[in-house]
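The values are calculated or read from the model by the stated rules, or taken from the named source; none is laboratory data. Everything quoted here is computed from the prediction, not taken from an experiment. As a convention, Cβ positions derive from the backbone with ideal geometry for all residues, glycine included, and neighbour counts pool all protein chains shown. Side chains are part of the model used for accessible areas, which takes the heavy atoms of the whole protein and leaves out ligands, DNA and RNA. Shrake-Rupley method; radii C 1.70, N 1.55, O 1.52, S 1.80 Å.
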Amino acid sequence: MPLALLLAGFMAAGAVPAPLEVARDQQDRAALQKLAADAGAAGSKAPNDADAQLRAALAYSYLAEVAIEQRDRKPGRQAAEQGMPFALKATQLKPDSAEAWRILGTLYGQAITDVLSGLSYGGKAKDALGRAVKLAPNSAAVWTAHGVGNYYLPVQLGGGPDLAIADFRKAIEVDPRSAEAWLWLGVALRKENRDAEARQALAKSLELNPRRVWVKQQLEKTPAK
């Protein structure tokens, strides 16, 4: 469905989410590519504007996220690497911004597609997300990002689903209405073969954000028993 029609529907319903979130939720990569390109161009024209850098970094992170959701890792990595300079610049302009460090850590993680990229970006992702947690220990978004990092980090390297689940539960404790935290809690619980709990978490995420296509997909692939 075209992005304009989606936005019109939400406006009629009295709720207008950001175009970037609409495109991410609907896995509309064409719209995300345009939004990322536009935000990147704006960020390049305003190199000392931290907010412009963050907007560009977030747009590329969402583009990478959807590519990864669709099992298209190479374009996902390319999008993440395009967003890194903007996020890094934002951390330089605002070193105390937890959001900047959160997005930077997320981009590093999204760029990991093999052992070599893991060696290049794994430590950077962990450090950036750890810094975000220290700066904003009461942020559900930060705890969720930290949990996603732990979810993908092997146990041998200090990560794993158990740590990820604890992070997602912390995010939910901070904000019980965080659809992203409930989503990732469900994904992590399923990885631990706790399917009934996983379905409950995914259903809660879908209740909070019924637009999110990936939640529907995850719920469908989680066994009912």
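Annotations
- For Asp167, the criteria (1) open to solvent by 50 Å² or more (accessible area, probe 1.4 Å); (2) of a type in the set (Asp, Glu); (3) at pLDDT 95 or above hold in every case but one, which is (1).
- Flag for Lys34 being charged (D, E, K, R), part of a helix (DSSP H, G or I), in contact (Cβ under 8 Å) with a residue 40 or more places away in the chain and open to solvent by 20 Å² or more (accessible area, probe 1.4 Å): no
- Any hit, region 63-75, residues being more than 18 Å from Ala23 (Cα to Cα), assigned to a helix (DSSP H, G or I), open to solvent by 20 Å² or more (accessible area, probe 1.4 Å) and touching a residue at least 40 places away in the same chain (Cβ under 8 Å): yes
- Check on Gln82, in contact with a helix residue (DSSP H, G or I) (Cβ under 7 Å, 6 or more places away or on another chain) and open to solvent by 60 Å² or more (accessible area, probe 1.4 Å): yes
- If the condition is being surrounded by fewer than 24 Cβ atoms within 10 Å (Cβ to Cβ), touching a Phe, Trp or Tyr at 6+ places or on another chain (Cβ under 9 Å) and at pLDDT 95 or above, then region 92-126 contributes only Pro95.
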